[in-house]
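Q: For reference, the structure I am asking about is given below.
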Amino acid sequence: MEQWREFFVAVAGSAAALTGLIFVGVSLSLSRMLAIPRLPDRASQALILLMTVLVVSCICLAREFSHELLGGLLLFIGSLLWIIILMLDLAIYRVTERPYKRHYRAMIPFNQLATLPYIIAGATILEYGIGGLYWLLPAVIFSFMKSVVDAWVILVEIHR
C-alpha cells in the first residue's frame, strides 16, 4: 500500500479543491440553479462523486486495513454510490426538457464509468488482493471528469 500513498494524497487534495469549487459555483448561481430543475441534482452528483473520491482516498491512506476489509469497504461504498448516482440520473432525466434529453443520455455513461470501477475494485481486492487498487484509477479519473463538466455547467453555462 505504501507505493499508493502519494497517489491517494494527491487525489484527496484534488478532490477537496474541486469540492470547494462546486460549493462556490452553487453559491454564486443558487437562484439561477434553482430555476432549472435538473441542475441541483447535477450539483449533488458532482459533490457525491468528489466526496467519494475523498473518502476512498482517506480510507486507502489508513494503514491498518487488511485487504479483506478494504475490499469490503470499497464494494459497499461503490454499490451505495452506484445506487445513489443512478437514482439521481433517473430523476434528472425525468425533469430534463425534451430537446436536452438526448444530451443528458450521453452523460449517463460517464456516471457509470465513475461508479462501477469502485465496485470492481472492491470485488477484485477481495478476490485477488491489493492489485485491485488499479481499478480506482478509472473511478477517480471519470469522477473528476464528470465533476469538472458539472462544475463548468454550474459556473459558466448557467449564465449563457
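Q: State the number of residues belonging to region 135-155 that are open to solvent by 10 Å² or more (accessible area, probe 1.4 Å) and within 10 Å of the chain's Cα centre (by Cα).
A: 5
Q: Within region 15-35, how many residues are surrounded by 14 or more Cβ atoms within 10 Å (Cβ to Cβ) and touching a helix residue (DSSP H, G or I) at 6+ places or on another chain (Cβ under 7 Å)?
A: Final tally of qualifying residues: 10.
Q: Only one residue in ILE92, ILE154 is touching a Gly at 6+ places or on another chain (Cβ under 8 Å), assigned to a helix (DSSP H, G or I), under 29 Å from LEU28 (Cβ atoms) and of a type outside the set (Gly, Ala, Ser), so which one is that?
A: So the residue among ILE92, ILE154 that is touching a Gly at 6+ places or on another chain (Cβ under 8 Å), assigned to a helix (DSSP H, G or I), under 29 Å from LEU28 (Cβ atoms) and of a type outside the set (Gly, Ala, Ser) is ILE154.
Q: With respect to the numbered conditions (1) within 21 Å of HIS159 (Cβ to Cβ); (2) surrounded by fewer than 19 Cβ atoms within 10 Å (Cβ to Cβ), which one is the sole condition not fulfilled by VAL55?
A: Of the numbered conditions (1) within 21 Å of HIS159 (Cβ to Cβ); (2) surrounded by fewer than 19 Cβ atoms within 10 Å (Cβ to Cβ), the odd one out for VAL55 is (1).
Q: Without any contact (Cβ under 8 Å) to a residue 24 or more places away in the chain and in contact with a helix residue (DSSP H, G or I) (Cβ under 6 Å, 6 or more places away or on another chain): which single residue out of ILE108, ILE85 fits that description?
A: ILE108
Q: Can you go through LEU81, LEU75, LEU47 and tell me which one is within 24 Å of HIS159 (Cα to Cα) and of a type in the set (A, V, I, L, M, F, W, C)?
A: The match here is LEU47.
The values are calculated or read from the model by the stated rules, or taken from the named source; none is laboratory data. Predicted model, so just to flag it, every value in this text is computed and none were measured. Neighbour counts are summed over all protein chains in view; Cβ atoms, including those assigned to glycine, are modelled from backbone coordinates with ideal geometry. Accessible surface areas use protein heavy atoms only, side chains included; no ligands, DNA or RNA. Shrake-Rupley method; radii C 1.70, N 1.55, O 1.52, S 1.80 Å.
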